[in-house]
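Asker: Sending over a structure as structure tokens; questions will come in a sec.
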Amino acid sequence: MSKQFYAIAVGVLALCAATSVPARATTWSSCSQFATYTSDGYNLYTDEWGASSGQCVYANSVTNWWSTSSFTGSGVKAYPDTEFSVGGVALSSLGAVNTSFNFSMPSGADYDAAYDLWTNGNVDEVMIWEQWNGDGPIATTYNCSDLGVSGCPFATNVSIGGGTYDVYQGNTGHNVISFLRTSQRSNGSENLLLFMNWAASQGKLDSQTFSTADFGFEITSTNGSQTFTLNSYSSSISTAGSCTPTTITPYISVNNGSTWSEETSATVSSTSTQVDLGPQPVSGGSWSWSGPNGYTSTSRQINDIRLSTGSNVYTATYTNSSGCKSTQAFTITVN
């Protein structure tokens, strides 16, 4: 939960020593409890609101960063996250708030990887949990168990934007709505406006506005020093009545294009492995790419991309016939 508002019931807090610096180049880093890195229209927060030490955040950019943390005990210690402003506007004035994400989580930690959406004045907090372990959402009652978490949902198997969610409501001094995905994942895309509109349609929002949107990791305990990584993140906003960005369907092929998989990431064992990226739609607009070492292309499909050891992020931008842009990041990791 961002900016010191509670999204998980706080238990015993532990004070932990700061972790060591990883052997990766960075453009920004901080081990401070509350630090901010602002760039390209985003804010990256360390947001260590549940402990006084124990985390360092390192960034290649505001949309590619990692938190190295060491925490014990119950209760959320930190929510390192990337935030962008939606504008504090009425929900009815928006056409879409599209985002995409790709992250990597350690084993043995208690955490959730989640969006944290806010209405004006922080009246309502709407969370969308994509993946979690050991944590549970704020809920009015806790005498039932669903999706492996404590708490009672007020709605189950709700279909939104191609996914299915159980939905919880609670209050920590402000209204909290939490959507937990019934099938956890580490990469994908969400139109955040769909969740806000659904909550409003159910009478669950006290303010039908949209202020800011965050994505990050609520970290509770780590079983030693652990690293939580945001590989890539993107967002786009359209207003009601304007053109709507086209959803990009991501496809990756490894080894000579014989088969294609609908995914945004892949792991290969060698820099010489042939990896092709072929997002869709096939026609109706234009494409552009950016990638490592200044790579650019205007083809839809790019073949045998250049790889180096570690994480390789290639970002596709699609401009549809109405002039609206959408982006999709692909992460290829070479072990």
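Every number here is computed from the coordinates shown, using simple stated rules; none is lab data. Note that the structure is a prediction, hence the values are computed from the model and not measured. Counting neighbours? That spans all protein chains shown, and the Cβs are built from the backbone with ideal geometry, glycine included.
Asker: Describe numerically, in nm with one decimal, the distance between label points set 7 Å from Cα along Cα→Cβ at residue 171 and at residue 89.
Answerer: Label-label distance for residue 171 and residue 89, simple model: 3.1 nm.
Asker: What residues qualify as long-range amide H neighbours of residue 154, i.e. H under 5 Å apart, gap of 5 or more or another chain, H built at 1.01 Å from N?
Answerer: Placed amide hydrogens put 167, 168, 169 under 5 Å from residue 154.
Asker: Whole-Hz Karplus ³J(HN,Hα) for segment 211-217, in order, using 6.51 cos²θ - 1.76 cosθ + 1.60 and θ = phi - 60°, x for Gly and Pro?
Answerer: 9, 9, 9, 10, 9, x, 10
Asker: Using helices alone, what [θ] at 222 nm do you get for the chain, with -39,500 (n - 2.57) per DSSP H run of 4 or more residues, divided over all residues and rounded to the nearest 500?
Answerer: Working: 1 runs with 10 residues, N = 335.
It comes out at -1000 deg cm²/dmol, rounded to the nearest 500.
Asker: Moving on. Report the relative contact order of segment 205-335, percent, no decimals, based on alpha-carbon pairs under 8 angstrom and at least 6 residues apart. Numbers along the way, then the final one.
Answerer: On the way: 234 pairs, mean separation 34.3, N = 131.
The value is 26 percent.
Asker: Can you give me the P(r) profile for segment 287-335? Cα pairs, bins 5 angstrom wide beginning at 0, each as a whole percent.
Answerer: Here the calculated profile for segment 287-335 is 5, 20, 30, 23, 12, 7, 3, 1, 0.
Asker: Here is a follow-up. Considering Cα pairs under 8 angstrom that are at least six residues apart, work out the relative contact order of the chain and quote it in whole percent.
Answerer: Computed over the chain, the figure is 18 percent.
Asker: Hey, what do the phi angles of segment 85-96 turn into as Karplus ³J(HN,Hα) couplings, whole Hz, using 6.51/-1.76/1.60 and θ = phi - 60°, x for Gly and Pro?
Answerer: Each residue of segment 85-96 in turn: 8, 8, x, x, 9, 5, 4, 5, 8, 9, x, 6 Hz.
Asker: Here's a follow-up. For semi-axes √(5λ) of the Cα gyration tensor in Å, which listed value, (1) 46, 22, 17; (2) 39, 33, 28; (3) 31, 26, 18, comes from the coordinates shown?
Answerer: It is the value labelled (3).
Asker: Scan around residue 86 for amide H atoms under 5 Å from its own, H built in the peptide plane at 1.01 Å from N, and keep only partners 5 or more places away or cross-chain.
Answerer: Excluding prolines and chain starts, which carry no amide H, the hits are 212, 213.
Asker: Follow-up question, since we're still on this one. Quick one: Karplus J couplings for segment 34-47, per residue in order, coefficients 6.51, -1.76, 1.60, θ = phi - 60°, nearest Hz, x for Gly and Pro?
Answerer: In residue order, the calculated couplings are 10, 10, 9, 10, 10, 6, 6, x, 10, 10, 9, 10, 6, 6 Hz.
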